[in-house]
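Below is one structure, written out as structure tokens, with a few remarks after it.
We did not get these values from a lab; they are worked out from the coordinates using the rules stated. Since the structure is predicted, the reported quantities are computational estimates derived from the model, not experimental observations. Neighbour counts run over all protein chains shown; Cβ positions are idealised from the backbone, glycine included.
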Amino acid sequence: MEQKEKNYNMGKISWGTRIAYGGGDAACNVVFGMISTLLTLFYTDYVGISAATVGLVMLLSRVFDGVSDAVMGIIVEKTNSKWGKARPWILWMAVPYAGSAVLLFTVPHTTEMIQFFYMFITYNFVTTVCYTAINLPYSSLSAMMTRSSSERDMLSIVRMGISPFGRILAVTGTMPVVKFFGNDQAAWAKTMALWAVIALVLLVICFLKCEEKVEIEAKKKQEKIPAKTALKALVSNRYFWMVVILWTMQNAIYCITGTILPYYCKYIFGNDTWMYSALYLTETLLIVAVTFFCPILLKRFGKRNMSLAGMILALVGQVVFCLNPTSFSWMAMSCVIRAIGLAPLNSVVFGFLGDVVEYGQWKTHIRQESLIFAGSSVGMKLGAGITSAVITGLLSLAGYVSSQAGAAGQPESAMNMIIDIYKYGPMIVWVVVIITLLFYKLDKQYPKIMEELMEREARGEL
């Protein structure tokens, strides 16, 4: 594919720019990592809010969050500044994003109704407003930096190799720092403030280094596309739907393992200090290591085949884990196999999205980077939000006991539910991803699609 891309390659992206771009996602993952993993534990075990209430807040928030993605996609398309369409939003939203994250951990100790509304407002301010307004333009930016599929793949690989360090900071560093600050609710707010400052610095660097360089003269001459026409073009793109499923499932697995693993370590293994951090750090660092090995596999096998092989390995590993789910050593083995299996898809998921942009232009004569990334972002948030709501709902049905002290004993039914969610949740995800990848054929079509696009654009057509 590299040879066939030479006519439309926008030039190689430097490693400095790739690293700065990846740092932007690391900043996003500092907050999103907390939301999709430890926030539920904070609400139930440090504020004393019931699991059912937490689940309801997260489920209701998905409705607003989905709408915000569509709105933000349209806003980015209409943005015209000296820095471009997507890039300026990284600068404009950096401070509100960092500040909103701290508000999540300042839930007042008052009536349950007031706590519900406070959680709902702050959770949506972070996810629906600030995160959407910074992460969606950030993701769209990759398709505006280059049209080369191989360069976008490298951007995706470096992004997904660096971004986990945001999660590592949030997930493995939080509990020790919280305990250092006093192991109470105030300690959580102080810890999040530290992470927010680091995120702010990374976002500013990303803004400074990453420029929008894709300019298509035919698009500039195109008449304004009605919203109905743009939406029709989006929903008729079958590869858009496939990538939405892939991104949704990827975030669902992070939510399942990230949310339930702290409970697993605390109540099944009896250790909520170092054990969770050790497992999470092992898995995440292995994902990073395999991610940077993926360019070799990518060049030989392509995005789809590489990702499919990884998913099959992950499914096999999960089946083996179910044979002995109460053993810590088997849990560690599960984390290792899952990391190796997930890394290929994780490394190129945004490369998939960039290719969908070109496919959509080829099929409909409409280029819509922001709307495609906005639509797929809905999948990301639905994957995390609905999964969180399902997990908390299942825990509540099983009789999970919430406590402000974080030291409540759990009934056997809740213990069994924690085990079952961790055993069977990942299996469902792997099966859905494998089926989706079996129907994905764009890798083979892409070179010919780009040749035709170059010919059309040379004639002044999209």
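What is the distance in Å between the Cα centroid of region 343-373 and that of region 27-67?
29 Å
Measure nothing but the geometry: give the 0 to 90° angle between the long axis through the Cα atoms of 164-180 and the longest principal axis through the Cα atoms of the chain, rounded to 10°.
20 degrees
Can you give the local net charge around Trp430? Use residues other than it whose beta-carbon is closer than 13 angstrom to its beta-carbon, Lys and Arg +1, Asp and Glu -1.
Once all neighbours under 13 Å are counted, the net charge is +2.
Within 10 Å of each residue's Cβ, count the other Cβ atoms and sort Ser377, Ser140 from fewest upward.
Working: Ser377 27, Ser140 30.
Going from sparsest to densest Cβ surroundings: Ser377, Ser140.
Taking a temperature of 4 °C and a viscosity of 1.567 mPa s, what whole-number D in µm²/s does Stokes-Einstein yield for region 91-213 with Rh from Kirkwood over alpha carbon pairs?
Details: Rh = 16.2 Å.
Estimated via Stokes-Einstein, D reaches 80 µm²/s.
Counting only GluC sites (Glu not before Pro) that sit in a DSSP loop (anything but H, G, I, E, B) with at most 12 other Cβ atoms within 10 Å, what is the longest stretch of the chain containing none of them? Intermediate values should be presented prior to the final figure.
Working: sites that count: Glu2, Glu215, Glu223, Glu461.
My reading of the result: 224-460 is the longest stretch.
Given the DSSP H assignment, sum -39500 (n - 2.57) over each helix run of at least 4 residues in the chain and divide by its residue total; what's the result at 222 nm in deg cm²/dmol, nearest 500? Can you show the working numbers first?
Values: 18 runs with 347 residues, N = 462.
My calculation for the chain gives -25500 deg cm²/dmol from helical runs alone.
Mind jotting down the distance between the C-alpha centroids of region 222-251 and region 421-462, whole Å?
First find each Cα centre; the distance between them is then 12 Å.
Report the net charge of residues surrounding Gln185, where surrounding means a beta-carbon distance below 15 angstrom and charges are Lys +1, Arg +1, Asp -1, Glu -1. Working shown, then result.
Working: positive: Lys179, Lys190; negative: Asp45, Asp184.
Residues near Gln185 contribute 0 overall.
Hey, got a sec? Which trypsin sites (Lys or Arg not before Pro) in region 66-152 land in a DSSP loop and have at most 12 other Cβ atoms within 10 Å? Working shown, then result.
Values: sites: Lys78, Lys82, Lys85, Arg147, Arg152; in loops: Lys82, Lys85, Arg147.
Here the sparse-neighbourhood loop sites are Lys82.
Give me the angle, in degrees from 0 to 90, between the Cα long axis of helix 15-33 and the longest principal axis of the Cα atoms of the chain, rounded to the nearest 10.
The answer is roughly 40 degrees.
Pop the C-beta distance of Arg459 and Ser81 into the FRET formula with R0 = 30 Å and round what comes out to the nearest 0.05.
Details: r = 30 Å, r/R0 = 1.00.
The value I calculate is 0.50.
What is the sum of charges, Lys and Arg at +1 and Asp and Glu at -1, for the other residues whose Cβ falls under 10 Å from the Cβ of Gly354?
My count for the surroundings of Gly354 gives -3.
Counting each pair of different Cα atoms once, what's the Kirkwood radius of region 307-462 in Å, rounded to one decimal? Can you show the working numbers first?
Numbers: mean 1/r = 0.0530 Å⁻¹.
Across region 307-462, the inverse of the average 1/r is 18.9 Å.
Using DSSP to define loop residues, name the chymotrypsin sites (Phe, Trp or Tyr not before Pro) in region 395-462 whose beta-carbon has at most 12 other beta-carbon atoms within 10 Å. Intermediate values should be presented prior to the final figure.
Numbers: sites: Tyr400, Tyr422, Tyr424, Trp430, Phe439, Tyr440; in loops: Tyr400, Phe439, Tyr440.
Filter output for region 395-462: Phe439.
Could you give the distance between the Cα centres of region 136-151 and region 285-319, to the whole Å?
22 Å
To make sure I understand, if each residue's beta carbon is the centre and we count other beta carbons within 10 Å, what order do Met333, Met119 fall in, fewest to most?
Values: Met333 15, Met119 22.
Fewest to most other Cβ atoms nearby, the residues stand as Met333, Met119.
Take the residue pairs Lys82/Lys232; Lys219/Lys363; Lys82/Lys209; Lys423/Lys444; Lys85/Lys303 and return only those whose Cα atoms are more than 25 Å apart.
Numbers: Lys82/Lys232 30 Å; Lys219/Lys363 15 Å; Lys82/Lys209 15 Å; Lys423/Lys444 35 Å; Lys85/Lys303 28 Å.
Check vs 25 Å cut-off fails for Lys82/Lys232; Lys423/Lys444; Lys85/Lys303.
Ranked by Cβ crowding within 10 angstrom, fewest neighbours first, how are Leu298, Leu91 ordered? Walk me through the intermediate numbers first.
Values: Leu298 23, Leu91 16.
Lowest to highest Cβ neighbour count: Leu91, Leu298.
If R0 is 25 Å, what FRET efficiency do you get for Phe180 and Phe328 from their C-beta distance, rounded to 0.05?
Values: r = 25 Å, r/R0 = 1.00.
E between Phe180 and Phe328, to the nearest 0.05, is 0.50.
Calculate the dipole size of the chain relative to its Cα centre from +1 charges on Lys and Arg beta carbons and -1 charges on Asp and Glu beta carbons; express the result in debye to the nearest 20. Please list the in-between numbers first.
Values: 39 positive and 29 negative charges, 232 e Å.
With only Lys, Arg, Asp and Glu charged at Cβ, the dipole is about 1120 debye.
Give a quick list of trypsin sites (Lys or Arg not before Pro) in region 212-299 that DSSP marks as loop, anything other than H, G, I, E or B, with at most 14 other Cβ atoms within 10 Å. Intermediate values should be presented prior to the final figure.
Numbers: sites: Lys213, Lys219, Lys220, Lys221, Lys224, Lys228, Lys232, Arg238, Lys266, Lys299; in loops: Lys213, Lys224.
Listed in order of number, the matching sites are Lys213, Lys224.
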